[in-house]
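In what follows, a structure is listed as structure tokens, so that the remarks can point back to it.
The values are calculated or read from the model by the stated rules, or taken from the named source; none is laboratory data. In this text, all values refer to a predicted model and were calculated from it rather than measured experimentally. Quick reminder, even Gly has a Cβ in these numbers, built from the backbone with ideal geometry, and neighbours come from all protein chains shown. For accessibility, only protein heavy atoms count, side chains too; no ligands or nucleic acids. Shrake-Rupley method; radii C 1.70, N 1.55, O 1.52, S 1.80 Å.
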Amino acid sequence: MTNKMWGGRFESAPDAIMEEINASIGFDQRLFAQDIKGSLAHAKMLAEQGIISKSDAAEIRRGLEKVQAEIESGAFTFSRGLEDIHMNVEQRLKDLIGPAAGRLHTARSRNDQVATDFRLYIRDVCDHLDGQLHNLQLALATKAETHAATIMPGFTHLQVAQPVTFGHHLLAYVEMLARDRSRIADARKRMNESPLGAAALAGTSFPIDRNMTAKELGFDRPMRNSLDAVADRDFVLELLAASTIAAMHLSRLAEEIVIWCSAQFRFVTLSDKFTTGSSIMPQKRNPDAAELIRAKPGRILGAFSSLLVVMKGLPLTYSKDMQEDKEPTFDAIDNLSLAIAAMTGMIKDLEPNAKAMRASAAQGFATATDLADWLVRALGLPFREAHHVTGSLVALAEKKNCELGSLSLTDMHSVNDKITTDVYKVLSVENSVASRVSLGGTAPKNVAREAARWLKALAKQGN
């Protein structure tokens, strides 16, 4: 029996195992809208160029619109025997309109067809992820504006370092997400070239108009080399690389939320919406959403690594290995999208415990740097000497089991007899954060201004 897809070259159907390893319809059916969009543009161009008749093009359009409606309504039956989304759509089109369906594949191969579909899909994904990251930035900036003056400890090595504000901390993630969006935008710009018309690998002898189909599909231009057009998957790799970095940023914030929710910190509280309980310990409120987000970079990085390994040794142009590009990519995109949505919900939901944050910021000699700076300004000490004096005072306070501000002037004179009572003005956490007025600093007025600037910029960008 001649194989219906591959024509007269094959006399029998594939073995069941061959069908199992070869079929991709189980996962590439999500490309149906992009596949039909590409086919509509191709059919229109073929008619405009006189390659097929206007009447056949009209029938193809009518049939494709019917196929799309059936898929969207759930009435379409996908067949594993037809391998992929392209052949499933084409076969159903033939059922609907007859022989005219066979003209659609003129001057086109599944190689440039799938490359076009996947670019259209990844381009749509870029827009979707950008919108989600925008919403997360908005949630962070909104909370940052509310808590521009809410004091918390800033950490290095997870040790109390200097006082900062909660708003300032949240705005750091707004900046990270801005870079994530920029990377995705850069990737989108580079990928916005059309492979359609490259055919199997060498182009076609038909008088097609690749500029027309590129414009019809919203691409900036056709790809200039037919070999590269069907062989390239850089556009997927770029998005996966950007997604891996974005997932890493989400994971860092998720880790902080896990820490902040702990009984040892008590910096923030999450409601029942984003926590779970324990099957045995009734007192537990676990930040499981944050923990799951923390784990997502593993599978997203895995998708990037997987595709990189698939592509690294492939000769030009298309090889069936490249069918392995979709499942891990779809999984990575789905999980990043879910993680962004969950993080946005958590940021809106969490409530900071200002009292616990303030108390923690006052511990661990967090104003030691302020003391060193005062010694430089007030006493004219070189910073390195001021650093040494401050270290000695910290050691004394530690020995006395008190904070720097609780040392008496006599205690301080035991280290440097020129210190005056003015020093106590810089040893409060409020004065510490208020003094950090340099560009990018944590002074509440800085934070309020930056939060307002971001909110204005995000509102201008829209969604």
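Give me the lysines in straight-line cross-link reach of K66: C-alpha distance below 17 Å, same-chain residues under 8 apart excluded.
K66 reaches K37, K44, K94.
How large is the accessible surface per residue of region 45-84, computed with a 1.4 Å probe and reported in Å² as a whole number?
Counting only protein heavy atoms, the per-residue value for region 45-84 is 52 Å².
Could you point to the residue in A459, A295, L227 farthest towards the positive end of the chain's charge dipole, with +1 and -1 charges on the Cβ of Lys/Arg and Asp/Glu respectively?
A459
Can you give me the % of accessible surface on the chain that is carbon or sulfur? Probe 1.4 Å, all protein chains present, nothing else counted.
Accessible surface attributable to carbon and sulfur in the chain totals 53 percent.
Compute the acute angle (0 to 90°) between the alpha-carbon long axis of helix 383-400 and the principal axis of greatest extent of the alpha-carbon atoms of the chain; round to the nearest 10°.
With both axes taken from Cα atoms, the answer is about 70 degrees.
To the nearest 10 degrees, how steeply does helix 85-97 sit against the main Cα axis of the chain, on a 0 to 90 scale?
40 degrees
Among S438, L133, G391, whose Cα lies farthest out toward the positive end of the dipole of the chain, if unit charges sit on the beta carbon of Lys, Arg (+1) and Asp, Glu (-1)?
S438
Amide H of T269: which non-local residues (sequence gap of 5 or more, or other chain) have their own amide H closer than 5 Å, using H built in the peptide plane?
Result for T269 returns E351, N353.
Convert 4 °C to kelvin, take the viscosity as 1.567 mPa s, use the Kirkwood radius over C-alpha pairs of the chain as Rh, and evaluate the Stokes-Einstein diffusion coefficient in µm²/s, rounded to a whole number.
For these conditions, the coefficient is 49 µm²/s.
Report the full-extension gain for the segment R224 to R61: residue separation times 0.36 nm, less the Cα-Cα distance, to one decimal in nm.
55.9 nm
Show me, for region 148-159, the HN-Hα J-couplings you get by feeding each phi into the Karplus relation (A = 6.51, B = -1.76, C = 1.60, θ = phi - 60°), rounded to Hz, glycine and proline as x.
Values per residue, Gly and Pro as x: 4, 10, 6, 7, 9, x, x, 10, 10, 6, 6, 10 Hz.
Give the distance, in whole Å, between the Cα centre of region 393-427 and the Cα centre of region 166-208.
What the calculation gives is 56 Å, centre to centre.
To make sure I understand the rule: partners must be lysines, Cα under 29 Å from the Cα of K425, and not fewer than 8 residues away in the same chain. Which ones qualify?
Within the straight-line cut-off, K425 pairs with K355, K399, K400, K445.
So what J values fall out for region 227-235 if you push phi through Karplus, 6.51 cos²θ - 1.76 cosθ + 1.60 with θ = phi - 60°, rounded to Hz, Gly and Pro as x?
5, 4, 4, 8, 8, 7, 10, 4, 4
Mind ordering 307-318, 153-164 by average Cβ neighbours within 10 Å, highest first?
By packing density, highest mean first, the sequence is 153-164, 307-318.
Using unit Cβ charges (K, R positive; D, E negative) and no other charged atoms, how large, in debye to the nearest 20, is the dipole of region 372-463 about its Cα centre?
600 debye
Obtain the radius of gyration and the Kirkwood radius of region 274-419 from its C-alpha atoms and give Rg over Rh.
Details: Rg = 27.4 Å, Rh = 21.1 Å.
Rounded to two decimals, Rg/Rh equals 1.30.
Check A161: other-chain or 5+ apart residues with amide H under 5 Å from its amide H, H built from backbone geometry?
G154, F155, T156
Out of the DSSP beta bridges found with both residues in the chain, what percent are antiparallel (nearest 5)?
85 percent
What 222 nm value per residue comes from the helices of the chain, counting each DSSP H run with n ≥ 4 as -39,500 (n - 2.57) and dividing by all residues, nearest 500 deg cm²/dmol?
Result for the chain: -20000 deg cm²/dmol, rounded to the nearest 500.
Short version: ³J(HN,Hα) in whole Hz for each residue of region 48-54, in order, from phi by Karplus 6.51 cos²θ - 1.76 cosθ + 1.60 (θ = phi - 60°), x for Gly and Pro, what are they?
The phi angles translate into 4, 8, x, 7, 10, 6, 4 Hz.
Reachable aspartates and glutamates from K460, Cα under 17 Å, same-chain residues fewer than 8 places away excluded?
Result set, ordered by chain and number: D127, D130, E175, E450.
To the nearest 20 debye, what charge dipole does the chain have about its Cα centre, counting +1 at the Cβ of each Lys and Arg and -1 at the Cβ of each Asp and Glu?
Around 1020 debye, computed over the chain.
Any idea what angle helix 288-311 forms with the longest principal axis of the chain, computed on alpha-carbon atoms, 0 to 90 degrees, nearest 10?
50 degrees
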